[in-house]
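The values are calculated or read from the model by the stated rules, or taken from the named source; none is laboratory data. Everything quoted here is computed from the prediction, not taken from an experiment. Here the Cβ positions follow ideal geometry from the backbone for every residue, glycine too, while neighbour counts run over all protein chains shown.
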Amino acid sequence: MDNLYEPIPMRIERIIQETDDASLRSFELSFMRDADEKAFFKAYNPGQFCQLSIFGKGEAPFGIASAAWEGKFVRFTVQNVGSFTDTIHHSRVGDSIGMRGPLGNGFPIQDWKGKDVVVIGGGCAFSTLYALTKHIMHADNRKEYGRIVVIYGARSSGLCLYKPDIKSWYQRPDMEIHQAIDVPEEGWDFHTGYVPDVVKDVAPSPKNSVAVVCGPPIMTKYTLPILVEIGFDAKDIFTSLEKKMKCGVGKCGRCNLGPKYICKDGPVFTLAELNELPLDL
Amino acid sequence: MMPKLIKKIEFDKTISKWFKSYDVIAPVSSKEGIHFKRIKDPKEIKLDGNQNSIYPPKNVFLPQSEVLFTVKNDNYEMPDQAPRKRIVFGMRPCDARAVWLLDTIFNKADDLDLYWGKRREKALIISVGCASMCSNGFCDTVGSGPFGKDGSDILITELDDAYFVDPLTSAGEALIKSLPEADDTQGKNAKLIQKGSVIKEHQAADLPRIREKLYEAFNTSIWKDVSESCLGCGVCTYLCPTCFCFDIVDEIDRSERVRNWDTCMFRVYSAEASGHNPRPTKAERTRQRIMHKFAYWVDNEAASGCTGCGRCISQCPVNLDIREMVQEITSLKIQ
C-alpha cells in the first residue's frame, strides 16, 4: 500500500531562467527510480500538480508545466515568493528534491475531443496551460481537437514565459496565438492591455468550444464574465484554482472550497461548478 | 448478535484477560479531569456517570503530534506502527461516532491514510452509553444519541450490578464470545435505561434546513456578529472529536517530518505565501468552522459533522455556544 505522504526522490536536471527579473524559473526534474517514472506517466494528465518537498523547508504545490511526450522529466515553473520557493530558486542542477504526484484531477481533455479549445492564461499560472497546449499540439493529439486559440498575457515582455516555444507557435498554421502585455513597450508587435480586454477583442467563437482560464485571481475574475458574455456556457468554461495546501490529497482540510477540496476534487473546476460553491477564496 | 453480560464483580477479571493480547486504552482520572490512556490495571478505569474526557479520544487514531517520516539523505522512512492490537474501552457514543465520521476521510480503501488505517484496523472500540446526557451534550439532536451505535464494535449499558454488553460488529462479537449471555430481563432493563437517557424536550436538528440557511447566510455579516467575542484560541477545534485538520512540519534537529493537529481558527492556517488570506478575520474563520460541521459534512456524507459532545461549549473561554450560533445564523432573515 502506497503512503500518500511519501515523496519520491527526483533530481534537478535543468534550470531555465524564464524572466528577465529572475523571479520565475523552470525546473526540470528527472526520476531516480524507474518504477516512480512509470507510475507518474501512467497517471499524469495535463492540469495536475505535484507537491515538491525539501526536507527542512516543507512542501508546496506546483502545477506541472510539461507534457508527457516531452521526455522522462517533469517541469515546474516556480515564482520566488516565499522561503520554500526561494530555496528551490537557489538549488542547482544535480540537487535532489522530493516530489509527490501527480495530484488532483487535471483538465478533462478526453471530453474535449472534437472541440475547439480556447486557452487563456496570465502570468505564471500559464504553466499548466503550457503543458496542455504542448499536449494538444503534439502530432499524435492535434487531430483530435478543432481550432486552438491561445491568449497569454504577462505584465511586460520580460515576464513572458516559455519564450522560444511561444515564438515558434506563431509559425504554426494550426493554432492561433495572441500575446499581450499590460503597458506598451517599444518593439512589441502584439496586443497591449489586460487579458480580459484581449479576450473581448479576440472574441473566440463559443460554438463547439471549451475555454480554459488560468491566471491571477483578478484576471480570472474579470475574464470569466466576458466568456459568458461572448456566449460560452458555464459548463464549457474551465479554470484551475489555488489555495494553501499541506497534504495535497484531501486529508489535511486546508484547501476546501465549501464541501470540495481543491487538491482532490480540483484544481480544475467548471464555472458551472464554481457557481454552486461558496467563494471562500 | 447475542448481547452478553459482565457482572460488576467480574469486571476487573474480564478486562484483565484482554491485557494479554491487547493494549487497553480507557478513561482514567487525572487532576485536569478524565483522559484516555493505556491502562495496566482495570481499577484505573473511571466510568463516572456521564462524564466524558476533556480531550476527545481521536488521538488514539490521529495523535496530536505524530512522526510521518524519519528523513535521512532525502530518504523518507515511515516509522513502524505499534504491532499490538488495541481496545479502546469506555469511549462515549458521541466520540465513537466521530471516529466513524473520520473513517470517511482517512479510512477509504482507494485513498487510505496509512497512519490512521494501521491504527484503526488493529483497534476495537467498546463504547459505554450515557444513562443521562451530560450538561452541554446534544448528541441526540445531531443524528447520534447517548446510546448511538455508529463507530462502536461493542456498546455497553450499565445496569445495577452488571454491564449489558451489546456486540455491534463481528469483531466485537468475537471478543466477547466467551462471556455469559444476558437474559431477557437484563435486555429489557438495558432498553429502559437507553430509552430514559434522551432529553424529551430535545428536537432533532433539521440538517437540510440548517445547511440551506447557512449557505444563504454565507455572504452576510452575521458571521462577524456571532464571532465578535471569539478570542481565536482554537480550543473548540482542538477538543472537537471530528476536527481533523493537520499541519505538516519538518523538525530538522530530530530529522523528522511530523504532522500536528491544526485549526482553521488561526489566521496563519489559510495565509498564502503571496500575502493573500481567504479567511483574514475571525468572521470567515468562524464561518468555516460552523459551515464545515453543519453544511459541508452534510453535503459530503449526509451527516452532521458535529456529534453533539459539547466540548467546544464547555471549554470555550468566552462561553460561545455553537448551538446558539447556529440558531442565530439560521434565523437570519435574508432579503
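Numerical summary
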quantity: Some residue of segment A:90-99 being farther than 29 Å from A:Lys235 by Cβ and acidic (Asp, Glu); calculated: yes
quantity: Residue list for segment A:12-34, restricted to those being basic (Lys, Arg) and farther than 30 Å from B:Asp110 by Cβ; calculated: A:Arg14, A:Arg25
quantity: Residue list for segment A:4-30, restricted to those being within 19 Å of the chain's Cα centre (by Cα) and either buried (at least 18 other Cβ atoms within 10 Å of the Cβ) or within 12 Å of chain B (Cβ to nearest Cβ) (or both); calculated: A:Glu18, A:Thr19, A:Leu24, A:Arg25, A:Ser26, A:Phe27, A:Glu28, A:Leu29
quantity: Residue tally, condition without any contact (Cβ under 8 Å) to a residue 40 or more places away in the chain and part of a strand (DSSP E or B), over segment A:3-61; calculated: 3
quantity: Filter result for the condition that a residue is basic (Lys, Arg) and in the same structural domain as B:Ile125 (by TED's automatic domain parsing), over B:Lys191, B:Lys224; calculated: B:Lys191
quantity: Residue within segment B:306-327 that is touching a residue at least 40 places away in the same chain (Cβ under 8 Å), under 30 Å from B:Gly145 (Cα atoms) and within 14 Å of another protein chain (Cβ to nearest Cβ) present; calculated: no
quantity: Hits in segment A:106-140 (condition: of a type outside the set (A, V, I, L, M, F, W, C) and farther than 17 Å from A:Ser209 by Cβ); calculated: A:Gly106, A:Gly122, A:Gly123, A:Ser127, A:Thr128, A:Tyr130, A:Lys134, A:His135, A:His138, A:Asp140
quantity: Tabulated pairs, segment B:167-180, first at pLDDT 95 or above, second among the aromatic types (Phe, Trp, Tyr), C-beta under 9 angstrom, 6+ apart or interchain; calculated: B:Leu175/B:Trp18; B:Leu175/B:Tyr22
quantity: Of all residues making up segment B:1-31, the number that are closer than 19 Å to B:Pro63 by Cα and loosely packed, with under 14 Cβ neighbours inside 10 Å; calculated: 0
quantity: Strands (runs of 3 or more DSSP E) contained entirely in segment B:20-108, each with at least 3 residues that are of a type in the set (A, V, I, L, M, F, W, C) and modelled with pLDDT of 95 or more; calculated: B:22-30, B:65-72, B:85-91
quantity: Spans of helices (runs of 4 or more DSSP H) in segment B:219-335 with at least 3 residues out of contact with any strand residue (DSSP E or B) (no Cβ under 8 Å at 6 or more places or on another chain) and over 28 Å from B:Cys130 (Cα atoms); calculated: B:222-226, B:282-291, B:322-330
quantity: Boolean, B:Arg285 is more than 11 Å from chain A (Cβ to nearest Cβ) and basic (Lys, Arg); calculated: no
quantity: Test: residue in segment B:107-120 that is within 12 Å of another protein chain (Cβ to nearest Cβ) and touching a residue at least 40 places away in the same chain (Cβ under 8 Å); calculated: yes
quantity: Qualifying residue in segment B:65-87 (condition: touching a residue at least 60 places away in the same chain (Cβ under 8 Å), over 30 Å from A:Ile97 (Cα atoms) and either among the hydroxyl-bearing types (Ser, Thr, Tyr) or touching a Leu at 6+ places or on another chain (Cβ under 7 Å) (or both)); calculated: yes
quantity: Filtered residue count, segment B:268-282, keeping only those that are within 12 Å of chain A (Cβ to nearest Cβ) and either of a type outside the set (A, V, I, L, M, F, W, C) or over 24 Å from A:Glu242 (Cβ atoms) (or both); calculated: 10
quantity: Residue ID - farthest from the other protein chains (Cβ to nearest Cβ), chosen from residues in segment A:236-270 that are of a type in the set (Lys, Arg) and in a loop (DSSP other than H, G, I, E, B); calculated: A:Lys264
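To keep it simple, each residue is scored yes or no on (1) farther than 20 Å from B:Ile54 by Cα; (2) over 15 Å from the mean Cα position of the chain (by Cα); (3) assigned to a strand (DSSP E or B).
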| position | (1), (2), (3) |
| --- | --- |
| B:Ile126 | no, no, yes |
| B:Ala131 | no, yes, no |
| B:Gly143 | yes, no, no |
| B:Ile156 | yes, yes, yes |
| B:Phe164 | yes, yes, yes |
